[in-house]
Structure formats: C-alpha cells, structure tokens
Amino acid sequence: MARINEHYLNLPGSYLFSEIGRRTREFQAANPGVKVMRLGVGNTTEPLAPAVIAGLHEGVEKLARAETYTGYGDEQGDSRLRQRIAEVKYRARGVDVTPDEIFISDGAKPDTANIQTIFAQDSVVAVQDPSYPVYVDTNVTVGRSGKLLPNGLYERFVYMPCTEANGFFPDLPATRPDLIYICSPNNPTGAVATRAQLERLVDYALANDAVILFDAAYECFIREPDLPHSIYEVPGAKRCAVELNTFSKEAGFTGVRLGWTVVPKGMAIDEHSPRSLNELWNRRTTTFFNGASNIAQEGGLAALTPEGQRQNRKTIDLYMGNAAIIRAGLESVGLTAFGGTNAPYIWVKTPNGMSSWAFFDKLLNEAHVVSTPGVGFGPSGEGFMRLSAFGHRPNVEEAVESIRRNLRI
Ligand SMILES: *Cc1c(COP(=O)(O)O)cnc(C)c1O
C-alpha cells in the first residue's frame, strides 16, 4: 500500500489565516451593515509601474513572432537578468556576486521552501521566533522538527526569540544549529538587522560551520542609509550565507511570480563536500525546475532599469506612507508600535497585556479592522499584532480613522 510522508502529520492545520477568516465571517454575519476593513494582509495592492508593464508587453510580443519566439530557457534564468541583478542589486552596493551565483526562480517562497533540500536530512535548524511560517513548516515536512510540543515549539528546532528586549533581532542561538534562517527587514516584526548585528551572526556562522539562509524580500523598503540591504555587504558572508530575494514586493510581482536565489561559490561547507553548494543547487534547479516565465523575466529586466526602479520606488513610497499613517494612528490612541519605518509591517503591542487573539477580537468588534495575531507566527509573537502597509491609501486612512474614533483602550 502506498504510504504518505508521515512528517506532514507534524504540521498543524493552517490555523492562522483560516481562524482569521472564520472570526471575520462570524462578525460580518452578526453585523451585516458594518464595513469590515483589512490591515492584516501581506499582499501588494497597487498597479505595476508603466515601465514594467512595457517590459511584460515586450515579453508577450516576442512570443507572437517566429523570429523572437522562445520556449524553454535556461533553468537558471535568462542570462541578461542574472547579469542585471548582479549589477543593480549587488555591484551597485559594492558587493561582488557573479551571474553564475544567481538563480532566477518563480519567487522567494518556493526557493525558501526548496533550499533546505540540499542540506543533510539531520541538519539542526534555527529559526527566529516569531517567523515567516515557510522556514518552519518546510523543515517539518522533511523530518527535521520532531513533535510539536504543547508550548507551540517543535522539539528539535533551535528557536531564537525576537522580543522587545532585544529589539526583535535575535541573540546568537543558544545551541549550535547547522542552518540559520534570518529575515531582514523582518516579516512579521518590521525590524531590520544592523550591520553590527549581521557581522556578529556571520562571525558566529563561520566559527560554527553553520549556513545562514537570508531572506531579503523586503530589502527595497529600507530607508535608513546605513542599514545593509544584502547580507553580502558583511565581510565573510559569501562563505556562509545563501540569500533569497524577489520581485514580489519591489515590483508588485506577487501574482506575476519572479525571484532569485544567490548561492555563492566557495562556501565554507564546500571544503568538506565533494560538490559545492552552488553545484548542488544548480543540479537541483535543472532537475526540478524548468525556469521562470519568459514574460515575467522581461518584466524583471524592465523593473531593474533606472526608469523601472524610479517608478517602483514611488509605489514603495506610497506603501511606506501608509505605514507612517498606521503607526501614527496607533500611537495617537496610546498603543505602542514597532517597525513600519524600513519595512511594510507594523508590530503592535497589545494593550494591558491582552493576548493576540483577544486584541484581534477587540480591533474587529470596536474598529471593524482585521489584523493578524502575532502569536500566529510563533510563541514569542504572543502579545503582538501584525498590521500591513499594503493597501490603497483611502482604505488605509479609513481603517486608521476608525481605530482613532472607535477603539477603547
Ligand atoms: C512575501 C515574502 C516573500 C516573497 O515570496 P514570493 O514567493 O517571492 O512572492 C518571501 N519571504 C517573505 C518573508 C515574504 O514575506
């Protein structure tokens, strides 16, 4: 009899967003005339930049003529796009990443899920708590987690709490892991790692033969000039870190689908392995993947032209304006909020020690605003809510105004 992969049974049901949906529907059914507003969703809302639309059109037009038609491309991605990412995202910041270290993907979430497959099955995994659920759940499915304990933690993962006390960037792991997932700017806390924090982490990884898996999906939201956009801005990182990034948030490609992964040549792990990580990821990519959409890649090329970047920047500015409005609104009613200055997420402390879910209900019932309970991202998220700056400006203003007028703290 065929049998399932039993590690999947260690995954709880997708509780967070289904529970949010259930409570929201229940509220709406009980209050049919009330307009429910959403400040919880991490999904882009604004139309694509004209320069990017032109690039996508060009991709479509090329498919209309025999002379320019392309079918399968290189699994690793269009060499022009790999070259442009190397220039615009790395060389422009003084970082040397070569095109053959860059693998174009259909998004950072799939690659974040897939990258763990090239590491040993018994690798010890460290994650930030709270964290983007993909890092945790994908390692559960391959048997690295052990059981889910009653306290909400898996028995074999190393958790790195991100708390108000440490500014939401974790201390070094308490026990030595093999793989360390770091997301900066962070989803869900909105915190950004400083250069000094990343230096300490890179030194730790090199000293402990660990690999950092660095998710830079929100790099384009960084505003303060001294904060690192890529982990490779830190000396030594090319020997211990893989970096994942995406066009989803920078260019609004959440539905178009395009990202990339950097697997440097000459990682420290390569000295002990007959084949380098770069070779293994190349082998994995050519075997499991048939390349990102050629249309999407034309759009990506356009997004990284000076004009595309200028236009995308305007949309990012709009989201960051939303973030400022949300943060100011929360603070005006006496709430404590973090993030939202270099990331599109605002991490709100619940008042009077309320639980995340109790405050979710309060925001929904009193202000008719849907948020995301912090505890859904890990036990250390208890007592916090995530609000998102993605949204049309009038909707964001309306939701914030409702919080100002109706929330009773
Ligand atoms: C949105 C997001 C991504 C991007 O995922 P895509 O698959 O590229 O759309 C990656 N990491 C984090 C933490 C995110 O929030």
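Which residue out of GLU243, GLU233 is of a type in the set (Asp, Glu), modelled with pLDDT of 95 or more and buried (at least 18 other Cβ atoms within 10 Å of the Cβ)?
From the options GLU243, GLU233, the qualifying one is GLU243.
Answer yes or no as to whether GLY376 is part of a helix (DSSP H, G or I) and either in contact with a strand residue (DSSP E or B) (Cβ under 9 Å, 6 or more places away or on another chain) or surrounded by fewer than 15 Cβ atoms within 10 Å (Cβ to Cβ) (or both).
Yes; evaluated as a whole, the condition is true for this residue.
Are any of the residues in the stretch 182-189 farther than 30 Å from SER293 by Cβ and away from the ligand (no atom under 16 Å from the Cβ)?
Scanning the stretch 182-189, I find no residue that is farther than 30 Å from SER293 by Cβ and away from the ligand (no atom under 16 Å from the Cβ), so the answer is no.
For the stretch 277-328, enumerate the residues that are more than 17 Å from THR246 (Cα to Cα), assigned by TED's automatic domain parsing to the domain that holds VAL88 and either under 20 Å from the mean Cα position of the chain (by Cα) or of a type in the set (Val, Ile, Thr) (or both).
If the condition is that a residue be more than 17 Å from THR246 (Cα to Cα), assigned by TED's automatic domain parsing to the domain that holds VAL88 and either under 20 Å from the mean Cα position of the chain (by Cα) or of a type in the set (Val, Ile, Thr) (or both), then THR286, THR287 are the ones that fit.
The values are calculated or read from the model by the stated rules, or taken from the named source; none is laboratory data. Just so it is clear, the structure is predicted and the values come from calculations on it, not from any experiment. Methodologically, a virtual Cβ is constructed for each residue, glycine included, from the backbone with ideal geometry; neighbour enumeration extends over all protein chains shown.
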